[in-house]
Every structure is written in structure tokens, then in C-alpha cells.
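Read the structure below first, then the notes.
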Amino acid sequence: HPYDKKYEIEQLMTGKPIHKVINENITFQYLDGDENSLWSLLLAVGYIKAENVVKDNEWTECDVSVTNKEVMSMFRTQIVAMFSNGNIAYENFTRALIRHRTWDMIGVMEDIAEYSMSYFDTAKNKGKHAPENFYHGLVLGLIVSMRKEYRIVSNRESGDGRYDIAIYPFDKTKDAYILEFKVLNEHREKTVQETAQNALKQIRTRNYESDLLAYGIPADHIYKLGFGFLGKKVWVVSDPPEKDEKDQVRSEWDNLRFR
């Protein structure tokens, strides 16, 4: 669900109601496609209660709040723990990005994909770009904690095309980042490694770095990353590449140590 749902859950945990539109007839098959389905589900199982209800055909507009003290206790233990576990992935991914450790990024993303099995089981029904969109959104979520020091831009025109993600440092002495995502095309590529290389090639050939250069970032401080995907398989290549084999071995050890 969108990032602002975390804020709304935090509001509930302070004892404050939030105003929502509820579909009381929601069914499980539509949970993924309806942004309000989270609240419909929580209301249906009794974790939240509805007040100031206004009904209009199949929709119910109301203020919702946590049902009782027992449920509030559950929210504070179970849900806070869920968000805390997510912070580990954020930290591992952003640490890997800033330290130019592609192996660590691959590890974090494959771990998350492993727990998203149901998504990939149904992705074939959501269009050919569904896995690419999943990973695009996943990476945006993983780097959201960088917003204090970076401006994060998605799907913006630069050079001769439109990049997927660019990360502009507020401190122009720091590295900037361009990220491009591609799903394996079986007519052009045989492996996700080739797909990642093609994503990196697109950054170069379409001159995506032009906007960062105009912003004042030196060329040697622009870090380019190509991501290749095939289901749960992920590969990342970079320009410049990881420095040497020792860094790669050290990065794999860090990835295990920080989990």
C-alpha cells in the first residue's frame, strides 16, 4: 500500500480517528487493486470500528478508530515490529547504494522478492511491465529514508529519454545516482546479467546524466546502475563498477552480518 498508509496507522495508534471510505462488500480477489481495501479488511475482522457513518449504495464513508485496548496493544507490538523489520532492509539497501556495493543490493532485493511470491504468481495477469513496476516501486520505498540528504526523482525526462530514478544530493560534493530497470526480454537477452547491462547501456546512450551535470554534479560523481529482472531473479551492474574483488568479498560478508 502507498507510503502514507504508515502515517494513517500511526494516527490510529495515538487514539485518533481517521476519515475513510469503506467498501463493506470487498472480496479477497480485489484486495490488491483497491487502495481502500486495507481499511475494509480491518473493519471486517473487527480491528477498527466505524463512527459517523454515511452510506451511499455500496460505499460507506465514516471515521474509523481502533476497537479497544486489546487491539491497540496488538497494533503497537505486531505492526510496529513489522515496520522495524522493514527498516533493516532500508538500511542495508541505502548503505549498499552509497558504498557502491551491487552485490549487497542484489541480496536485499532478492530477499524481499522471496517474500513476495504471491505477487509474482499473479504478475502474468497484470501486464508485461508488472515485475518492472514492482521493482521500481520497491526501490523507491527502500530509498525513501534518503530524502533528508537527497532529492529523489522518478520518471523524469533528461537527455534523450526518461530515466526511471535519479537521486540528486543536496551536498554537491556527494555522489548522485541514476537507476534504470529492465525485465528480461527473451528475444534480445538470455540472462538477467545481459538485461542489467542493457539497462546500463541505455543510461549511457540516452545521456540521462545531462540533467545531473546541469545541476552541478561532476561526471565522476554520477553513479549509474542498471537493474535486470526475471521474476525473483535480480542483477545489478554499475558504472563505475565495484572497486575490486576484496570489496566484493567484504560486501558479501557485510550483507550476512547486517541481516
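Laboratory data are not the source of any read-out in this text; all were calculated from the coordinates shown. Computed from a predicted structure; not experimentally measured. No Cβ is skipped: glycine too gets one built from the backbone with ideal geometry, and neighbour counts run over all protein chains shown.
Let's test the formula: R0 of 51 Å, r as the Cβ-Cβ distance of residue 151 and residue 69. What FRET efficiency results, to the nearest 0.05?
0.75
Please list the non-local residues whose amide H lies under 5 Å from the amide H of residue 150, H modeled 1.01 Å from N, same-chain partners needing a gap of 5 or more.
When sequence neighbours closer than 5 places are left aside, the close amide H contacts are 170.
Taking a threshold of 27 Å on the Cα-Cα distance, which of the pairs 49/148; 49/232; 172/201; 190/232 fall above it?
The pairs that break the limit, which is 27 Å between Cα atoms, are 49/148; 49/232.
What is the gain in length, in nm to one decimal, between residue 16 and residue 162 on full extension, counting 0.36 nm per residue of separation less the C-alpha to C-alpha distance? Mind showing how you got there, number by number?
Values: separation 146, 0.36 × 146 = 52.56 nm, distance 4.17 nm.
Once the chain is fully extended between residue 16 and residue 162, it gains 48.4 nm.
Taking neighbour counts of Cβ atoms within 10 Å as a proxy for exposure, in what order, fewest first, do 221, 19, 136 appear? Don't jump to the answer; show the numbers that get you there.
On the way: 221 15, 19 10, 136 20.
Going from least to most buried by this count: 19, 221, 136.
Translational D (Stokes-Einstein, µm²/s) of segment 141-212 at 4 °C and 1.567 mPa s when Rh comes from the Kirkwood sum over C-alpha pairs?
98
Run the quick spin-label model on residue 54 and residue 193: label points 7 Å from Cα toward the beta carbon, then report their separation in nm to one decimal.
6.1
Taking the number of other C-beta atoms within 10 Å as the exposure measure, put 99, 188 in order starting with the fewest.
Details: 99 13, 188 10.
So the ranking, lowest neighbour count to highest, is 188, 99.
In nm, what is the difference between 0.36 nm times the number of residues separating residue 77 and residue 173 and their Cα-Cα distance? List each step's numbers first, then the result.
Details: separation 96, 0.36 × 96 = 34.56 nm, distance 4.12 nm.
Using 0.36 nm per residue and subtracting the Cα-Cα distance, I get 30.4 nm.
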